[in-house]
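Let me begin by presenting the structure, written as structure tokens, before commenting on it.
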Amino acid sequence: MAANSKEKQREYDRTWRTRHPDKVREASLNRKHARDMAPEELLAHRSKRAVYSRDYYSHHKREICALTRAWKLRHAESVKMANKLYWERTRESVQAKRLSLRMDALGYYSHGTMECACCGNRFLSFLTIDHIDNNGAEHRRQIKAAGGSGLYGWLKRANYPAGFQVLCWNCNCSKAYSKDHVCEHKRKSCHTTEKNLYELSLNN
Ligand SMILES: [Zn+2]
Ligand SMILES: [Zn+2]
């Protein structure tokens, strides 16, 4: 429906309602409320509504998104405030869920050792999930995961597929930024593994 005719329809409805207040009141009294429905009836009602909403949304997605964007721009301050309140209310549960997803993934891909597969680092806050084939950036784009928790959630939903390992940030970055995708620790010239550092300190 064109925006113009839609506006006309709305205008017509508004006028009709102001002209027939009795009918409006009667309709509202006759409308059955969810609280008056039997459980099965309520369930059927809700699933019918859900099908309708999904269908409506899929046919009007662009329009709805544009309207929502425009509304958010007009109410930027309230949106900011609502987001802040929402975050304050849900922060703890969101963080707990993220942590549990992260621990599950780290546990699975480190085979329960919770350590870096390269240097053995065991500081939990240093550990990351590494894409063994170095296709992390592309993969994150594919699954639209902006940060770590997105990946952790995806790994769980995909039932922890092969192709991942646990590395610490250092090893992960060293592997990612070297031309041949090999961590500095794996090179013969390297003397900086924790074990080597310990031996060097003993020799000096
Ligand atoms: Zn490491
Ligand atoms: Zn390493």
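The values are calculated or read from the model by the stated rules, or taken from the named source; none is laboratory data. Note that the structure is a prediction, hence the values are computed from the model and not measured. Cβ: placed from backbone, ideal geometry, glycine included. Neighbour counts: every protein chain shown.
Just one residue in the set Ala137, Ala146, Ala162 is more than 14 Å from ligand 2 (Cβ to nearest atom), modelled with pLDDT under 90, in a loop (DSSP other than H, G, I, E, B) and out of contact with any Asp or Glu (no Cβ under 6 Å at 6 or more places or on another chain); that residue is Ala146.
Could you say which residue among Leu106, Leu127 is surrounded by 14 or more Cβ atoms within 10 Å (Cβ to Cβ), within 25 Å of His181 (Cβ to Cβ) and within 16 Å of ligand 2 (Cβ to nearest atom)?
Leu127
Answer yes or no: is there a residue in region 26-41 that is surrounded by 11 or more Cβ atoms within 10 Å (Cβ to Cβ), polar (S, T, N, Q) and part of a helix (DSSP H, G or I). Checking region 26-41: not a single residue is surrounded by 11 or more Cβ atoms within 10 Å (Cβ to Cβ), polar (S, T, N, Q) and part of a helix (DSSP H, G or I).
Of the residues making up region 153-176, one or more are under 14 Å from Tyr109 (Cβ atoms), touching a residue at least 60 places away in the same chain (Cβ under 8 Å) and out of contact with any Pro (no Cβ under 7 Å at 6 or more places or on another chain). So for region 183-203 (the condition being surrounded by fewer than 13 Cβ atoms within 10 Å (Cβ to Cβ) and modelled with pLDDT of 85 or more), does at least one residue qualify? Looking through region 183-203, none of the residues is surrounded by fewer than 13 Cβ atoms within 10 Å (Cβ to Cβ) and modelled with pLDDT of 85 or more.
Pairs linking a residue in region 107-123 that is closer than 8 Å to Leu167 by Cα to a residue that is near ligand 1 (Cβ under 8 Å from one of its atoms) and part of a loop (DSSP other than H, G, I, E, B), with Cβ atoms under 6 Å and 6 or more positions apart or on different chains, are Cys118/Cys183.
The set of residues in region 113-146 being within 12 Å of ligand 1 (Cβ to nearest atom) and not acidic (Asp, Glu) consists of Cys116, Ala117, Cys118, Cys119, Gly120, Asn121, Arg122, Phe123, Phe126, Leu127, Thr128.
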